[in-house]
Amino acid sequence: MEDIVSLDTFQPFDGMKKMFPHHNFPYFNCGYNLLLTLANYYKKDELAILNNVVTIYRFDQQKTKRKGYFKLEVLDLKEWDTILEEMGISIRKKSPELDALQEEIIRSISNGNPISIFIDLFYQRGREFYYNKSHGLHPVFVYGFNLTKQDIYTVDDITEYTRYALPFSEFKISCLSSEHEKMPNYFWEYVLESPADPNPSNNNKLAQTNIHAFIANMFRYQNEIVEGLNSILLLAEHFEDIITNETIIETLSSTIYRKCSEKYRLHMLYKYKTLPIHTKTTIDPLLDQIIDDWKLVRIYATKAINSKKFTKEMIDKCMGLLRKIYTNEMHFNDQFYSMLKAAK
């Protein structure tokens, strides 16, 4: 057997990195990066994945002293398995014993099939919010193995979404923990059942179908999305209490990259020339301003936490920014739904 078994053409999804080159933003979450990487590897149209998300702001006053009091919730319209199945990709879910894990990896890669393995982030070196602090399952792509060095080749987002080589002995530790009781079949092998359609006209028809489905779903959730904007005002109202919550920076960071994901999707929809392009001049600056203001709130919050100075001036600035975000979100949604209506 060769020293290295690898899928040489397997590359991480890089669309968000191209749009935001100085940041490590996933497309909504690590799972969607995984799906988009698979689509690119198997040369499948990515619109079905891009358009599978609806985002809704949520605020829960009962959790202000804990995690999860505020979020831009990512709502999946279809199960990931269903999306992949419709794209002609099947998943074989397994739970190999730890002693057999290396053998299973090599077998899958040798057959040309990438794998995702769900690890416990508590054991993954380099995770700022998790390593030796908090448990949580996370999918990591595996595309190769070096038998001589006993290194495993992965695609992950530890510091940025890219390729990594790390000791298999270290990787194994994160593969079996009490967290895996929630997902015993932690080893997912992806198998191509039907190749990409070489006919461009068929691909265009599929893209249009996906876009129209997205528009219909956005109107289905319109009231809930708009009502959810009030959560931003509730965050402002309770900000003085929340600023001392140690999860505030993580909460703001996830909000920022999810708004950036919305910007990426909008850019891709423009690319397919389905949405009225003239609306870019009004809708794009609104979204950019919303993202910039969320970043400003994070800057002020980070400075306050690092200095342990929670001044009234800082709190008032953040509350003002949050109210401004709410106003711009209202304007953005008015423009966005007008644009979707014109595209029907």
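State whether the range 110-253 is rounded, prolate or oblate according to the following rule on the C-alpha gyration tensor (a ≥ b ≥ c being the square roots of its eigenvalues): a/c under 1.5 gives rounded; otherwise a/b larger than b/c gives prolate, and the remaining case gives oblate. Because a/c hits 1.5 or more and a/b fails to exceed b/c, the range 110-253 counts as oblate. Using the Cβ-Cβ distance between ASP288 and GLU103 with R0 set to 56 Å, the FRET efficiency from 1/(1 + (r/R0)^6) comes to roughly 0.65.
What number, rounded to the nearest 500 deg cm²/dmol, is the helix-based mean residue ellipticity at 222 nm of the chain, given -39500 (n - 2.57) per DSSP H run of at least four residues and division by all its residues? Mind showing how you got there, number by number?
Numbers: 13 runs with 168 residues, N = 344.
Roughly -15500 deg cm²/dmol at 222 nm, from the helical runs in the chain.
Could you do me a favour and compute the accessible area per residue for the range 268-322, 1.4 Å probe, result in Å²? Intermediate values should be presented prior to the final figure.
Working: 3040 Å² over 55 residues.
Heavy-atom accessible area per residue stands at 55 Å².
The length gained on full extension between LYS172 and ASP197, counted as 0.36 nm times the residue separation minus their Cα-Cα distance, comes to 5.2 nm. What angle do you read, to the nearest 10 degrees and between 0 and 90, between the alpha-carbon axis of helix 312-343 and the longest principal axis of the chain? Orientation of helix 312-343: about 70 degrees from the principal axis. Residue ranges 302-308, 148-154, 322-328 sort as 322-328, 148-154, 302-308 when ordered by packing (mean number of other C-beta atoms within 10 Å per residue, highest first). In terms of distances greater than 28 angstrom between alpha carbons, the cross-link table entries LYS44/LYS259; LYS71/LYS93; LYS18/LYS280 yield LYS71/LYS93. Rounded to whole numbers, the Karplus 3J(HN,Hα) couplings from phi for the range 15-26 are x, 5, 5, 5, 6, 10, x, 9, 9, 10, 9, x Hz, using 6.51 cos²θ - 1.76 cosθ + 1.60 with θ = phi - 60°, and x at Gly and Pro. Highest average first, the peptides 134-144, 176-186, 120-130 ordered by how many other beta carbon atoms sit within 10 Å of their residues are 134-144, 120-130, 176-186.
For LEU147, the residues whose amide H sits under 5 Å from its own are ILE4, VAL5, ignoring neighbours fewer than 5 places away on the same chain, with H placed 1.01 Å from N. Return the subset of LYS205/LYS295; LYS172/LYS271; LYS65/LYS324; LYS94/LYS295; LYS63/LYS263 for which the Cα-Cα distance in this structure is over 31 Å, preserving the input order. Pairs exceeding the cut-off: LYS205/LYS295; LYS172/LYS271; LYS94/LYS295.
For the pair the range 249-308 and the range 1-48, the centres of their Cα atoms are 21 angstrom apart.
Sequence-ordered 3J(HN,Hα) estimates for the range 204-213 from the Karplus curve with 6.51, -1.76 and 1.60 and θ = phi - 60° stand at 5, 5, 5, 4, 5, 4, 5, 5, 5, 5 Hz, glycine and proline given as x. Only Lys, Arg, Asp and Glu carry charge here, each on its Cβ (+1 for the first two, -1 for the last two); on that basis the chain has a dipole of about 1080 debye about its Cα centre.
For the pair SER134 and TYR272, a Förster radius of 45 Å applied to the C-beta separation gives a FRET efficiency near 0.70, rounded to the nearest 0.05. Note on the chain: dipole from Cβ charges, positive end direction compared against VAL226, HIS331, ILE119; the farthest Cα belongs to HIS331.
Sort the chain into rounded, prolate or oblate with this rule: let a ≥ b ≥ c be the square roots of the eigenvalues of the Cα gyration tensor; rounded if a/c is under 1.5, and if a/c is not under 1.5, prolate when a/b is larger than b/c, oblate otherwise. Since a/c reaches 1.5 but b/c is at least a/b, the shape of the chain is classed as oblate.
The values are calculated or read from the model by the stated rules, or taken from the named source; none is laboratory data. Note that this is a predicted model, so its numbers are computed, not measured. Glycine also receives a Cβ, built like all others from the backbone with ideal geometry; neighbour counts cover every protein chain displayed. Note: accessible area is taken over every heavy atom of the protein model, side chains too, but ligands, DNA and RNA are not part of it. Shrake-Rupley method; radii C 1.70, N 1.55, O 1.52, S 1.80 Å.
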